[in-house]
Amino acid sequence: MKTLSKRGHFSRTVSALVIASTALMSVASADNDRGVYVGAGVGAFKIKIDDVDDVTSTVDRYSSDDTAYKAFVGYRFARYFAVEAAYVNLGSPDDEVLPGITAETEIDGFAPYLLATLPLGPVELFAKAGYFFYDAEVRVRSVLGSAAAGDSGEEFTYGGGIGLNLLERINVRLEYEMFDVEDTDETNALWLTAAWKF
């Protein structure tokens, strides 16, 4: 009877230690999924306008792309949720809208986002949504000279992609993002970014 009692006590002790160790590992894992991260990336930005208001009789289409850049900082609350703020520079895409007349746009601004992630081992899927607060300048150049006009605004932006966690601290992402810019038919960017998790 004493032997059975000792074995039962030993089994209960081992079970308790296993449960406690599992709980501690879960807490440690959760803590590793939280915290600040910073990153930067490069992308390909594309803008397309099929019909330009008020000048449709002369300008039928504006379509161009350019290299874009971003730098961002974020905070991950848990494995599945994060917030992020980014400075976004969408380059200077230009297009010849008429023979000898070139239109160029410059757009940059600040964008806060909410992110939802789905971890699948070292790989994770994510979706994001936010607002892009931007300044835009349009320049038109011809042999007769040039003219420029500026504006600012805010537009809804959303996207998603896939990320890969490397060496516990590095996260590399491939991301597609849409900008809901008024009076444009297509405004999007394909990004490759890398972030360091503290």
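The values are calculated or read from the model by the stated rules, or taken from the named source; none is laboratory data. Keep in mind that this is a model prediction, so the values were computed, not measured. So basically every Cβ, Gly included, is an ideal-geometry build from the backbone, and we count neighbours across all protein chains shown.
Across the stretch 143-187, which residue is nearest to LEU114 (Cα to Cα) among those that are among the polar types (S, T, N, Q) and at pLDDT 80 or above?
Only one residue tops the list, namely THR157.
Can you tell me which of GLU96, GLU84 is touching a strand residue (DSSP E or B) at 6+ places or on another chain (Cβ under 7 Å), part of a strand (DSSP E or B), at pLDDT below 85 and of a type in the set (Asp, Glu)?
GLU96
When residues of the stretch 118-149 are filtered for being over 20 Å from GLU186 (Cα atoms) and among the small types (Gly, Ala, Ser), how many remain?
Within the stretch 118-149, residues that are over 20 Å from GLU186 (Cα atoms) and among the small types (Gly, Ala, Ser) number 7.
Condition check ((1) of a type in the set (Gly, Ala, Ser); (2) in contact with a strand residue (DSSP E or B) (Cβ under 8 Å, 6 or more places away or on another chain)) across all residues:
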site: GLU104; (1), (2): no, yes
site: ILE107; (1), (2): no, yes
site: LEU114; (1), (2): no, yes
site: LEU118; (1), (2): no, yes
site: GLU124; (1), (2): no, yes
site: ALA127; (1), (2): yes, yes
site: GLY130; (1), (2): yes, yes
site: TYR134; (1), (2): no, yes
site: VAL143; (1), (2): no, no
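Check whether at least one residue in the stretch 134-156 is under 20 Å from the mean Cα position of the chain (by Cα), surrounded by 15 or more Cβ atoms within 10 Å (Cβ to Cβ) and farther than 26 Å from SER92 by Cα, and report yes or no.
no
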